[in-house]
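Chemist: One structure, as structure tokens, below. Some questions next.
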Amino acid sequence: MLPARAQFPQGFLFGTATSAYQIEGHAFGGAGRTHWDDFAETPGNVVRAETGARACDHYHRWAEDLDLIAAANLDVYRFSASWARVLPQGRGAPNPEGLDFYDRLVDGMVDRGLKPALTLYHWELPSALADLGGWRNRDIAGWFADYTEVLMRRIGDRVWSTAPINEPWCVGWLSHFLGIHAPGLRDIRATARAMHHVLLAHGRAIEVMRGLGVPNLGAVCNLEWADPDGASPEAAAAAARYDAIYNRWFLGGIFHGEYPALALQGLGPHMPANWQDDMALISAPVDWCGLNYYTRKLIAPDPGPWPHTAEVEGPLPRTQMGWEIFPEGLEWFLLRTQAEYSRGLPIFITENGMASPSPFQDPERTDYIGQHLAAVQRAIAQGANVQGYYCWSMFDNYEWSLGYEKRFGLVHVDFDSLKRTPKASYHALTRALARNG
Ligand code: IFM
């Protein structure tokens, strides 16, 4: 059972989220090659070496897809544009077909009464820029600013909200320290640079969009609650280090112009020269704060090199991803983010949802969403200025290194026929969000 729209404050927005490479079909419409194509074609990186070449074929089926989103009584559609679709080489000549596509898509949302919530970068870095060092190269902030300008001159007049980067932790740590996402590096110097340059790119994009008069600009960070494994001071210290790297680095940079000392202990020696001089740009004011939340981790001390942390298997029920279900973490993050970082700005839960193998009857997904919406209600009751909740994801899609196996959609996608079939959770949400109450 999901709480009804009427059980949230007046004007609270419900949405759903997707991303370009995960649904569009990158082989279509003149998009350039991305580092995900390169990564996926390298044996061992992605389950069955699957790529986003066809994905959900949203590039051709976008109208049917927007109809499904609008029919679910949702208010907001959070989507992303692909840098390589707009600028196939990352810089230089734009791809007219790509710009036309996003133009049509945004008009399609507006026509259906959906608020377009744009993300400029959800991980498909053009390969030509990866060749130049990608996120390790400081110049990426300028390339990203130029891409932002090209795209926003075309659609910036109609988007309702914009965030430059989705989940900077994934761009920095997951991709350069853990090697799980493209470009698959495991290198602390690359990590320190990527974790700083991704925020520098955020700052440059905000600057460009302010200059163009684009309204309602925010930042989207993914957070993971870190609980110590046991009561020892060493476990508490390990969890605090994990929290500093995962959660506080990005919120601290964006809202305070400061990185946490616990993270700088390891990353500091590897940071690019004069990084401190960038912090004013990185922390230029934004209009809202987006949080993506899925799970928590139990963290133990580890004798190995910095950050001396190890993830321990926890006892809670899990999703198809193996992630523990822990809605309290969302409540606590909403309160902590407001108290320590966003300070009264509107907060949106820009992603929350679960992977589950159930094709059509998925009561566990409805239950997961219901538990997290209850956590949102508790946070609001305690004073958190939460103004919206977006479910990840509208469609089963390309789950990066895990290929097409992990299904997050409210709508089932048959990846052979590409037929879309709304799941029971889609219908439950549609009923809960009915505007007649
Ligand atoms: O599929 C991803 C998405 O691209 C970013 N946030 C988490 C989702 C689930 O892993």
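The values are calculated or read from the model by the stated rules, or taken from the named source; none is laboratory data. Owing to the predicted nature of the structure, the values given are computational and were not obtained by experimental measurement. So basically every Cβ, Gly included, is an ideal-geometry build from the backbone, and we count neighbours across all protein chains shown.
Chemist: Keeping to the stretch 169-179, report how many residues are touching a His at 6+ places or on another chain (Cβ under 7 Å) and buried (at least 24 other Cβ atoms within 10 Å of the Cβ).
Modeler: 1
Chemist: Do we have any residue at all in the stretch 310-326 that's at positive phi and more than 16 Å from the ligand (Cβ to nearest atom)?
Modeler: no
Chemist: Can you tell me which of Leu262, Leu251 is within 24 Å of Ala280 (Cβ to Cβ) and without any contact (Cβ under 8 Å) to a residue 24 or more places away in the chain?
Modeler: The conditions single out Leu262.
Chemist: Another question, if that's okay. If you check Trp249, Trp275, Trp288, which single one turns out to be surrounded by fewer than 23 Cβ atoms within 10 Å (Cβ to Cβ) and either within 13 Å of Cys221 (Cα to Cα) or among the acidic types (Asp, Glu) (or both)?
Modeler: Trp288
Chemist: Every residue in the stretch 159-201 that is more than 16 Å from the ligand (Cβ to nearest atom), within 18 Å of Ser82 (Cβ to Cβ) and touching a strand residue (DSSP E or B) at 6+ places or on another chain (Cβ under 7 Å), please.
Modeler: Correct list: Val159, Thr162, Ala201.
Chemist: Go through (1) more than 16 Å from the ligand (Cβ to nearest atom); (2) under 22 Å from the mean Cα position of the chain (by Cα); (3) at positive phi one by one and return the number of the condition Leu335 breaks.
Modeler: Only one criterion in (1) more than 16 Å from the ligand (Cβ to nearest atom); (2) under 22 Å from the mean Cα position of the chain (by Cα); (3) at positive phi is unmet by Leu335, namely (3).
Chemist: Report yes if some residue within the stretch 396-407 is within 22 Å of Asp75 (Cα to Cα), surrounded by 19 or more Cβ atoms within 10 Å (Cβ to Cβ), in contact (Cβ under 8 Å) with a residue 24 or more places away in the chain and out of contact with any helix residue (DSSP H, G or I) (no Cβ under 9 Å at 6 or more places or on another chain); otherwise report no.
Modeler: Yes, because at least one residue in the stretch 396-407 is within 22 Å of Asp75 (Cα to Cα), surrounded by 19 or more Cβ atoms within 10 Å (Cβ to Cβ), in contact (Cβ under 8 Å) with a residue 24 or more places away in the chain and out of contact with any helix residue (DSSP H, G or I) (no Cβ under 9 Å at 6 or more places or on another chain).
Chemist: While we're on this one: Is there any pair with a first residue in the stretch 343-359 that is under 29 Å from Val286 (Cα atoms) and more than 16 Å from the ligand (Cβ to nearest atom) and a second that is modelled with pLDDT of 95 or more and of a type in the set (Asp, Glu) whose Cβ atoms are under 9 Å apart and which are 6 or more apart or on different chains, and what are they?
Modeler: Note: pairs meeting the criteria are Leu345/Asp287; Pro346/Asp287.
Chemist: Run Arg112 past the list (1) in contact (Cβ under 8 Å) with a residue 60 or more places away in the chain; (2) closer than 16 Å to Val159 by Cβ and report the number of the one that doesn't hold.
Modeler: In the conditions (1) in contact (Cβ under 8 Å) with a residue 60 or more places away in the chain; (2) closer than 16 Å to Val159 by Cβ, Arg112 misses (1) alone.
Chemist: Taking the stretch 254-268 as the search range and keeping residues that are part of a helix (DSSP H, G or I) and among the small types (Gly, Ala, Ser), which one is surrounded by the most Cβ atoms within 10 Å (Cβ to Cβ)?
Modeler: Checked the stretch 254-268; the qualifying residue surrounded by the most Cβ atoms within 10 Å (Cβ to Cβ) is Ala263.
Chemist: Pull up the stretch 388-437, narrow it to residues that are farther than 19 Å from Tyr368 by Cα and basic (Lys, Arg), then point me to the one that is farthest from the ligand (Cβ to nearest atom).
Modeler: Step by step, filter the stretch 388-437, then rank; the result is Arg435.
Chemist: Restricting the search to the stretch 1-39, which residues are over 16 Å from Asn95 (Cα atoms) and assigned to a loop (DSSP other than H, G, I, E, B)?
Modeler: Met1, Leu2, Pro3, Ala4, Phe8, Pro9, Gln10, Gly11, Phe12, Thr18, Ser19 - these are the residues of the stretch 1-39 that are over 16 Å from Asn95 (Cα atoms) and assigned to a loop (DSSP other than H, G, I, E, B).
Chemist: Ala244 fails exactly one of the following numbered conditions: (1) surrounded by 15 or more Cβ atoms within 10 Å (Cβ to Cβ); (2) in contact (Cβ under 8 Å) with a residue 40 or more places away in the chain. What is the number of that condition?
Modeler: Here Ala244 meets the rest and fails (2).
Chemist: Mind checking whether some residue in the stretch 5-15 is under 23 Å from Glu399 (Cβ atoms) and either hydroxyl-bearing (Ser, Thr, Tyr) or over 20 Å from the mean Cα position of the chain (by Cα) (or both)?
Modeler: Within the stretch 5-15 (the criterion being under 23 Å from Glu399 (Cβ atoms) and either hydroxyl-bearing (Ser, Thr, Tyr) or over 20 Å from the mean Cα position of the chain (by Cα) (or both)), the answer is no, since none of the residues qualifies.
Chemist: Does Ala231 satisfy the criteria of being part of a helix (DSSP H, G or I) and closer than 30 Å to Trp323 by Cβ?
Modeler: It is false that Ala231 is part of a helix (DSSP H, G or I) and closer than 30 Å to Trp323 by Cβ.
Chemist: Return the pair list, or none, for Cβ contacts closer than 6 Å from residues in the stretch 275-299 that are over 24 Å from Ala384 (Cβ atoms) to residues that are within 16 Å of the ligand (Cβ to nearest atom) and part of a strand (DSSP E or B), at least 6 apart or on different chains.
Modeler: Matching pairs, first to second residue: none at all.
Chemist: Going by the conditions given, is Gly211 part of a helix (DSSP H, G or I) and without any contact (Cβ under 8 Å) to a residue 12 or more places away in the chain?
Modeler: The answer is yes for Gly211.
Chemist: Within the stretch 185-197, which residues are buried (at least 18 other Cβ atoms within 10 Å of the Cβ) and of a type outside the set (A, V, I, L, M)?
Modeler: Thr191, Arg193, His196, His197
Chemist: Only one of (1) closer than 28 Å to Glu258 by Cβ; (2) within 20 Å of the chain's Cα centre (by Cα); (3) of a type in the set (Phe, Trp, Tyr) is not met by Trp143, so which one is it?
Modeler: (2)
Chemist: Oh, and also: Return only the number of the condition from (1) among the charged types (D, E, K, R); (2) without any contact (Cβ under 8 Å) to a residue 24 or more places away in the chain; (3) buried (at least 23 other Cβ atoms within 10 Å of the Cβ) that Arg318 does not satisfy.
Modeler: (3)
Chemist: Only one of these is in a helix (DSSP H, G or I) and in contact with a Ser or Thr (Cβ under 9 Å, 6 or more places away or on another chain): Leu185, Leu251, Leu200. Name it.
Modeler: Residue meeting the stated conditions: Leu251.
Chemist: Continuing with the same structure: Please determine, by comparing only the residues of the stretch 372-387 that are in contact with a Leu (Cβ under 9 Å, 6 or more places away or on another chain) and polar (S, T, N, Q), which one is nearest to the ligand (Cβ to nearest atom).
Modeler: Gln387
Chemist: If you don't mind, there's one more thing I want to ask. Of the residues Glu328, Glu313, Glu340, only one is at pLDDT 95 or above, within 23 Å of Leu262 (Cα to Cα) and surrounded by fewer than 20 Cβ atoms within 10 Å (Cβ to Cβ); which?
Modeler: Glu340
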